[in-house]
Amino acid sequence: TFAVPRDEVELRRIMKTATMVDGPFAYRYPRGNGVGLPLPEQIEALPVGKGELLRQGTDAVIVAIGVMVGEALAAAERLSQQGIEVSVVDARFVKPLDHELILAQAAEMPLLITAEENALQGGFGAAILELLNDAGVGTPVVRVGIPDRFVEQGTQPELRSELGLDAQGLAKRISRSLGARHAQRSSA
């Protein structure tokens, strides 16, 4: 089992969940500061392998993991101002994936975007591609993550901006992808 929390509250929930699982369980600590959420007194465990639909849209779905969930929500707000409505799913778990939620969202949307602050090759987005392929779902996928190249040092905001892993970069990528898909359909 491998989980990636989106914020400090989810980190605490994942830590509690890890203590209740019989078997190996890993989670990735978010780098940097938390987002500043108040911590609840009671911490509830999460259902293993279950993601969460945080925002419902009609034009595309972003399936994000870790800190990219916050960026995805902010990108969805930006896109909404342009008349593009995007669903946002916090996958929470890289392994096991929430097959039911991801496949249901992929079946409803013309485009699925994966968002991770990890290497693209062999990463979270690749696992989503395998899931869709094995299920015979042909929804086009755009993977957003760290490319296979040397990345200079910098602050987290600087590097996310450079790599298009911030809300602005994610919104631009989605808008371009939806525009290209619309142009392909119109010319066919």
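The values are calculated or read from the model by the stated rules, or taken from the named source; none is laboratory data. Only a predicted model underlies this, so the values are computations on that prediction, with no experimental measurement involved. Virtual Cβ from ideal backbone geometry, glycine too; neighbours counted across all protein chains shown. We work out accessible area using only protein heavy atoms, side chains counted, and drop any ligands, DNA or RNA first. Shrake-Rupley method; radii C 1.70, N 1.55, O 1.52, S 1.80 Å.
Table: residues versus (1) under 17 Å from Glu117 (Cα atoms); (2) within 16 Å of the chain's Cα centre (by Cα).
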site: Gln42; (1), (2): no, no
site: Gly51; (1), (2): no, yes
site: Met68; (1), (2): yes, yes
site: Ala75; (1), (2): yes, yes
Pair list, Cβ < 6 Å and 6+ apart or interchain, from segment 118-133 residues that are open to solvent by less than 60 Å² (accessible area, probe 1.4 Å) to residues that are in a helix (DSSP H, G or I): Leu132/Ala106
Is there any pair linking a residue in segment 151-173 that is among the acidic types (Asp, Glu) to one that is not in a loop (DSSP other than H, G, I, E, B), with Cβ under 6 Å and at least six apart or on different chains, and which? Asp166/Glu71; Asp166/Arg160
The lone condition Thr19 fails out of (1) touching a Gly at 6+ places or on another chain (Cβ under 7 Å); (2) outside any loop (DSSP other than H, G, I, E, B) is (1)
Count of segment 48-81 residues which are surrounded by fewer than 23 Cβ atoms within 10 Å (Cβ to Cβ) and touching a Ser or Thr at 6+ places or on another chain (Cβ under 7 Å): 5
Single match in Gly179, Gly169, Gly136 (criterion: under 27 Å from Asp7 (Cα atoms) and among the small types (Gly, Ala, Ser)): Gly169
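Quick one: is Leu170 more than 12 Å from the chain's Cα centre (by Cα) and open to solvent by less than 50 Å² (accessible area, probe 1.4 Å)? I'd like the intermediate steps shown before the answer.
Values: more than 12 Å from the chain's Cα centre (by Cα): no; open to solvent by less than 50 Å² (accessible area, probe 1.4 Å): yes.
For Leu170, the condition - more than 12 Å from the chain's Cα centre (by Cα) and open to solvent by less than 50 Å² (accessible area, probe 1.4 Å) - is not met.
On the basis of being surrounded by fewer than 19 Cβ atoms within 10 Å (Cβ to Cβ), out of contact with any Asp or Glu (no Cβ under 6 Å at 6 or more places or on another chain) and either within 27 Å of Asn33 (Cβ to Cβ) or among the hydrophobic types (A, V, I, L, M, F, W, C) (or both), does Pro96 make the cut? Give the steps one after another, and end with the answer.
Working: surrounded by fewer than 19 Cβ atoms within 10 Å (Cβ to Cβ): yes; out of contact with any Asp or Glu (no Cβ under 6 Å at 6 or more places or on another chain): yes; either within 27 Å of Asn33 (Cβ to Cβ) or among the hydrophobic types (A, V, I, L, M, F, W, C) (or both): no.
No.
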Give segment 140-167 a look and list any residue that's part of a loop (DSSP other than H, G, I, E, B) and surrounded by 14 or more Cβ atoms within 10 Å (Cβ to Cβ), or say none. Pro140, Gly164, Leu165, Asp166
